[in-house]
1. Provide the percentage of antiparallel DSSP beta bridges, counting only those with both residues in the chain; round to the nearest 5.
2. If you stretched the chain out fully between R143 and Q125, how much longer would it get, using 0.36 nm times the residue separation minus the C-alpha to C-alpha distance?
3. Label-point separation (nm) for N170 and E153, each offset 7 Å from Cα along Cα-to-Cβ?
4. Using all Cα-Cα distances in the chain, what percent lands in each 10 angstrom bin from 0 up to the longest?
5. Which entries of K14/K130; K14/K36; K53/K130; K68/K147; K14/K147 have Cα-Cα distances beyond 29 Å here?
6. According to a simple spin-label model (label point 7 Å from Cα along Cα-to-Cβ), what is the distance in nm between Q71 and R47?
7. Please list, in order along the stretch 22-38, the HN-Hα scalar couplings obtained from phi with the Karplus expression 6.51 cos²θ - 1.76 cosθ + 1.60 (θ = phi - 60°), rounded to whole Hz, x for Gly and Pro.
8. Which of S151, S38, S137 moves the most in a Gaussian network model of the chain with Cα springs under 10 Å?
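Only the coordinates and a few stated rules stand behind these numbers; no lab work does. The model shown is predicted, which means the values in this text are computed figures rather than measured ones. A quick note on method: Cβ atoms are made from the backbone with ideal geometry, for glycine too, and the neighbour counts reach across all protein chains shown.
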Amino acid sequence: MDELVIEIRRAVGKDAEDIANVHVESWRTTYSGIMKDSIISGLDVGRRTELWKHNIAKEGNIVLVAVKEGQIIGFADGSQVKEGEYPEYDGDVTSIYFYKEEQGNGYGKLLLEALFHAFAQAGFQNTIVKVLDQNESRNFYERLGAKLIDSQEVPQYGEGLNLLTYAWENLQFPLGVLRTDSN
């Protein structure tokens, strides 16, 4: 196996536009034909840049970027579970996205591992992640030990779509799973 050569670091304010580019492009490639066309066509890098400036600066939010050859190719975002949602869980993997051509290279595992480390440092014991049922990344989470705990219809995104909630009961378990031969 080739060594995975990426840098994973905390995002800073100047990363917002690059994160927004990954966000918009990955939504277009991931959700085209799944979500309503109006949602996909309404994606705007400028608005997403403002969102990511806010997310990076928000206290308690953890935004990490994956950098390859000096360019941001992916990101992950997480925080404490929203009050009243899944009270038995601490962390919420809000998003993890890569450019399509960077998917399947093992970078997602490394980025998720880094996010879990940050969660553990924040005192979190476990975490959830939400994913649309027609998004194949749900298989990624399942392979890494996440268990399905909930499913809710989300007609606002498209007809017949369900939002699945997966959970890792113990952040220590996935960290061992996520180790690669090069670690």
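1. For the chain, the DSSP antiparallel bridge percentage is about 90.
2. Roughly 4.5 nm would be gained on extension.
3. 3.8
4. 9, 36, 41, 13, 0
5. Flagged as over cut-off: K14/K36; K68/K147; K14/K147.
6. For the pair R47/Q71, the computed spacing is 2.6 nm.
7. Calculated HN-Hα couplings, in order: 4, 4, 5, 5, 5, 5, 5, 7, 7, 9, 4, x, 10, 8, 4, 4, 4 Hz.
8. S38
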